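Q: Shown below is the structure under consideration.
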Amino acid sequence: MPEHTAAADFAALLRELKDRSGLSYGVLAKRLHMSTSTLHRYCNGDAVPADYAPVERLARLCKAHPEELVELHRRWVLADAVRGRKGAAAAETPPEEAGSGTGPGQAASEAAPPAEAPSAGAPPAAPADADTGAGPAPTRRRTRTAVLAGIAVAAVTAGVALAVGLPGGGSDGDGDGDGGRHRPVGAAGVTAEGTAPTSSSPPSSAASPSSPAKGTGPARTPVDSAPAGAPSGEGQKSGVPVTVRAEPYAWESPCSQRYLADKPASEMKPPPLEEGAAAWVAAHGAVSSGQQYLRLTVQGTGPETVVVDGLTVRVAGKRAPLAWNDYAMAYPGVGCGGGVQTRAFAVSLDSARPSLTPEPGNEDFPFKVSESDPEVYYVTASVSAYDVDWYLELKWSSGDRSGTLTVDDEGRPFRTSGNKGRPAYEFPIGGDGWVPEGTTKLE
């Protein structure tokens, strides 16, 4: 879909909601904690928000219907995807080499071709015309630059090939190269319920219960992983036809969202807005408390239809619940909206074999997606008796291809802990710190 069309469709629905609400840009901007000019740009199609959270808050302030919320998210996904592709293309455009002497519009073929890389330990051969004086001086300089650039590129390529070919590929000795933190997303290879081979399962944080959550934002699954059971390299040839964007710190409503942190109330910052939740969690080493609300955006990478056959819950580790303080994100006395979304599912992590079940009134898998028709799934994971590391496996099929994508928090499992009996705190409006929950006097 062309960029201007995707952004314009998204902006058109925003303007429709805004106009129908009867609220001015100034009033809406103040309630959304953003500038009026920024809101103008979103509604005029001049800019697309990087995060969906302010868009959803705007829609709820304008009393959007559930169907409009789903359609608004769909249009934002398309506009955001087109913008992302444009940004990636711009980043990949190589800048003109400074001092190369090649003028604007000059064909690359006019420059001398780069020489082959010399063998290891051999000094680079001098260009044929470098010191002979043959030809004008500018030509000799361009030729020398082209040859040296070719040698440098070849040397870097050889070094990368050597590093990739080394066994283990990393310093931790586990053959993963990076401890599994950034492994490709693809077939998880689960061999038993709730367990997976070390080489492909998300690393468990069980070894360090107090380690902070990653919390750096929604994860985008790569699209070049091999389908389940595919021979090595097949995924790079065919490509996985579906991507998943996971937002592990989305909020169904502020009233339902709480976090556990191993810090006293005096060291905690005030509750964030939803779009700042990931950074707040990372800064405090916090963990979702009692329940975790995930927003998963599933989108095809091309025009072909991809069937999402199901989501499977995998448990990577279970421990006793964290003995930390419990912090509520809602300010006392502030009303909370929300409601059950379409494509909503629930799972109890206390179960021996956790599995997703559709919320009342919602359909179950399978669903269909494509590049122009994404789906959004909402998962509410609840727990009371354990501190759980877990992730999801998304099964997909398209024509004669099929596979499994691992969905986690950017290479690490999601983490949710029970909060029963933990000291609970809230942050009063106009207050300067956290106080024990229930002690705030409402006027």
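The values are calculated or read from the model by the stated rules, or taken from the named source; none is laboratory data. Keep in mind that this is a model prediction, so the values were computed, not measured. All Cβ positions, glycine included, derive from the backbone under ideal geometry; neighbour counts span all protein chains shown.
Q: Any residue in region 29-45 that is closer than 21 Å to Gly276 by Cβ and touching a residue at least 60 places away in the same chain (Cβ under 8 Å) sitting within a Cβ distance under 8 Å of a residue that is of a type outside the set (Gly, Ala, Ser) and assigned to a loop (DSSP other than H, G, I, E, B)? List the pairs, counting only those 6 or more apart or interchain.
A: His33/Leu273
Q: While we're looking at this one, here's another question. Out of region 309-331, which residues are among the aliphatic types (A, V, I, L, M) and either surrounded by fewer than 18 Cβ atoms within 10 Å (Cβ to Cβ) or free of Cβ contacts under 8 Å to residues at least 12 places away in the same chain (or both)?
A: Ala320, Ala323, listed by residue number.
Q: Let me ask something else. With the condition kept exactly as written, say whether any residue in region 428-439 is of a type in the set (Asp, Glu), at pLDDT below 90 and surrounded by fewer than 16 Cβ atoms within 10 Å (Cβ to Cβ).
A: The answer is yes; a qualifying residue exists.
Q: Could you tell me whether Gly310 is within 16 Å of Asp409 (Cβ to Cβ), assigned by TED's automatic domain parsing to the domain that holds Asp409 and not in a loop (DSSP other than H, G, I, E, B)?
A: No.
Q: Working only within region 59-71, note down all residues that are of a type outside the set (Val, Ile, Thr), part of a helix (DSSP H, G or I) and either surrounded by fewer than 20 Cβ atoms within 10 Å (Cβ to Cβ) or modelled with pLDDT of 90 or more (or both).
A: Arg60, Leu61, Pro66, Glu67, Glu68, Leu69, Glu71
Q: When Trp324 is evaluated against the numbered criteria (1) of a type outside the set (D, E, K, R); (2) modelled with pLDDT of 95 or more; (3) closer than 30 Å to Pro241 by Cα, which criterion, by number, is the only one it fails?
A: (3)
Residue-by-condition table, conditions (1) in contact with a Gly (Cβ under 9 Å, 6 or more places away or on another chain); (2) assigned to a loop (DSSP other than H, G, I, E, B); (3) outside the structural domain of Leu273 (by TED's automatic domain parsing); (4) farther than 29 Å from His65 by Cα:
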residue: Pro321; (1), (2), (3), (4): yes, yes, no, yes
residue: Ser355; (1), (2), (3), (4): no, yes, no, yes
residue: Gly361; (1), (2), (3), (4): no, yes, no, no
residue: Tyr377; (1), (2), (3), (4): no, no, no, no
residue: Trp390; (1), (2), (3), (4): yes, no, no, yes
residue: Glu393; (1), (2), (3), (4): yes, no, no, yes
residue: Ser402; (1), (2), (3), (4): yes, no, no, yes
residue: Thr406; (1), (2), (3), (4): yes, no, no, yes
residue: Lys420; (1), (2), (3), (4): yes, yes, no, yes
